1. Give the range 90-109 a look and list any residue that's closer than 21 Å to residue 205 by Cβ and in contact with a Cys (Cβ under 8 Å, 6 or more places away or on another chain), or say none.
2. Which of the residues that make up the range 384-415 are in contact (Cβ under 8 Å) with a residue 12 or more places away in the chain, charged (D, E, K, R) and exposed (fewer than 15 other Cβ atoms within 10 Å of the Cβ)?
3. Show the residue pairs meeting these rules: Cβ distance below 7 Å; 6+ apart or different chains; first residue within the range 84-103 and of a type in the set (A, V, I, L, M); second residue open to solvent by 20 Å² or more (accessible area, probe 1.4 Å).
4. Among the listed residues 104, 118, identify the single one that is of a type in the set (A, V, I, L, M) and surrounded by fewer than 18 Cβ atoms within 10 Å (Cβ to Cβ).
5. Take the conditions open to solvent by less than 30 Å² (accessible area, probe 1.4 Å), within 22 Å of residue 387 (Cβ to Cβ), in contact with a strand residue (DSSP E or B) (Cβ under 7 Å, 6 or more places away or on another chain) and part of a strand (DSSP E or B) and apply them to residue 277. Does it pass?
6. Considering the range 282-293 alone, what residues qualify as being open to solvent by less than 50 Å² (accessible area, probe 1.4 Å) and either modelled with pLDDT under 90 or assigned to a loop (DSSP other than H, G, I, E, B) (or both)?
7. Only one of (1) in contact with a His (Cβ under 9 Å, 6 or more places away or on another chain); (2) crowded, with 20+ Cβ neighbours inside 10 Å; (3) farther than 28 Å from residue 372 by Cα fails for residue 141. Which number is that?
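The values are calculated or read from the model by the stated rules, or taken from the named source; none is laboratory data. For clarity, every value in this text was computed on a predicted model and none was experimentally measured. Note: ideal-geometry Cβ built from the backbone for every residue, glycine included; neighbour counts use all protein chains shown. Remember, those area values only see protein heavy atoms, side chains included, never the ligands or the DNA or RNA. Shrake-Rupley method; radii C 1.70, N 1.55, O 1.52, S 1.80 Å.
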Amino acid sequence: KSRFPHHSGVAGREPRCEASALMPRLAGENKYAQLSAVAAIPVVLYSVWRLLQDPAPTRGTKSRTQLHYGPADRRRRKSVDGDDFPPPYPNGWYFLCASKDIGVGCLRSFFITGRELVAFRNAEGEVGVVSAFCAHQGVHIGHGGFVDGDGVRCPYHHWKFGTDGKLQHIPQLEDGGARDCDRDRNHLKSFPVTEDSGLIFCWVHADGEDPLAPALSASFLRPIKDAKLSWAASLRMEDFHMHVMEPSHNTVDWYHFKTVHHLLAAHWLNKLAPLYATYETQQARAMIYGSKNDNGSPVTDPQLLVFDQRVLSVKLFDHIALPSTFIPKVQQTSFCGPQNMATHLEIPVVGQFLMLLLMVPVAPFRTEMQLQAYSENWWARPVAHILLWALRATLTQDREIWENKIMHKTRNSIKGDWSWTMYDKWLRQFYSPSSLTWSDDLSW
């Protein structure tokens, strides 16, 4: 009676009679539900484990049948039968570090696009990026140099340079070297800097041209402010031995989503992969293509390349469809130059996310890979971590191909292929007459 206080029953009958008839059936249903839940646990754990692992063997594919292979650190071939890759270092914005990594009075050294640079934050909080070698005797400022007020001093003779690279003071001269400070040859080459959303970028152009409009905050990083996203997670991957243009090159290749990426977080030859995905993709958009934005207005940022993709379904072992609640309903990838990639997605109930892939070529066919994640809701940060690992797994799927391919100038296109010519036209704008070429000496 205590279990069914509102059903006392007819006088003379046991009040638990109706419940007794239902209990065997309910017990059976609960038993099956419990067994299903227990059986699903190893499947979920295995899926998460696969997500956190590299979906492909390490670089070089030595773990599979390959009878003749060279050393693991073999140099990439830049030309085969006259077909060349683009020059190694495109012009554009390059990620340096997070804002928190350069506090007031901090000085750091960087090596990007074959250049030695130093970045510092002066007493006023301004960030400067200049050539690392002092104009006096070529001493590396990043090794022993220090921030002094509004500038940075060389460790050797304490010459002081501002955030704009101009010489400000020579201590060994009574007047501080006023005359010498006016000579152009005594200045350091400076690089434009932008700081947005907790990240620091510097502009590198082989011919010294000014940054292109609009600013990063108004185009590439705009979803962070529009959706009021906040930083959630970051991840540093191993360096990829590839040309930095490879990820953006994939925007033209819609069919590889059916071959390389039809298994989530697993190599395409894996026979035990748990997750299978199907995609819907659209041809990339760009200003140089004459494309339009989502609101119908013309694309006005010449650096942007926008690629729309949607995950139609995800199935366990290609049979059991996952609920649509867990599948992003919006997924758009934008490139700002070939080296910066942003994937904006929205997951029902959880909210919006922005995943950044920031690539920095430090040497020919050696690209640093930095991942950053932003989320709409603070409580969704664990999901942002999972999405970062998923992006890492997706990039690793492509890695084996990117690191072992050549570049054909004339492609053997077939019916249904998207326009490689349009992509090449977009890519060419990031090179100028003084861009380093393969005929230049690219060693230190």
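1. Residues satisfying the conditions are 92, 93, 94, 96.
2. Within the range 384-415, 409 is the sole residue that qualifies.
3. 96/110; 98/198; 102/108; 102/121; 102/127
4. Sole residue among the options that is of a type in the set (A, V, I, L, M) and surrounded by fewer than 18 Cβ atoms within 10 Å (Cβ to Cβ): 104.
5. Yes; evaluated as a whole, the condition is true for this residue.
6. Across the range 282-293, the qualifying residues are 284, 291.
7. (1)
Yes or no, residue by residue, for (1) open to solvent by less than 30 Å² (accessible area, probe 1.4 Å); (2) at pLDDT 90 or above; (3) over 21 Å from residue 388 (Cβ atoms):
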| site | (1), (2), (3) |
| --- | --- |
| 319 | no, no, yes |
| 328 | yes, no, no |
| 334 | yes, yes, no |
| 344 | no, yes, no |
